[in-house]
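Read the structure below first, then the notes.
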Amino acid sequence: MSRLARPTDNRVIGGVCAALARRFGTSATTMRVIFLASCLLPGPQFLLYIALWILFPSEDKVRTSAW
């Protein structure tokens, strides 16, 4: 499993679904479909997405901060 960081490629909005897909070894499209299907259920999905967008560092920032 890779580290959670929003990739610079394969982004649609913020890269959160692409980061989660990379972490769990699935395609970004599958993760986006799961997210869209979860939006049909009641709950704070959009708030969670925004929170993850803020909390996950961008991949280019992770590369520059590595030793």
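The values are calculated or read from the model by the stated rules, or taken from the named source; none is laboratory data. This one's a predicted model, so the numbers in the text were calculated from it and none came from an experiment. Glycine also receives a Cβ, built like all others from the backbone with ideal geometry; neighbour counts cover every protein chain displayed. With ligands, DNA and RNA removed, areas are computed over all heavy atoms of the protein, side chains included. Shrake-Rupley method; radii C 1.70, N 1.55, O 1.52, S 1.80 Å.
Being within 22 Å of LYS61 (Cβ to Cβ), open to solvent by 90 Å² or more (accessible area, probe 1.4 Å) and of a type in the set (Val, Ile, Thr) is the filter here; which residues of region 1-48 pass it?
Hits for region 1-48 are VAL12, ILE13.
Working carefully through the options VAL62, VAL33, find the one that is at pLDDT 90 or above and aliphatic (A, V, I, L, M).
Details: VAL62 fails: at pLDDT 90 or above.
Only one candidate qualifies: VAL33.
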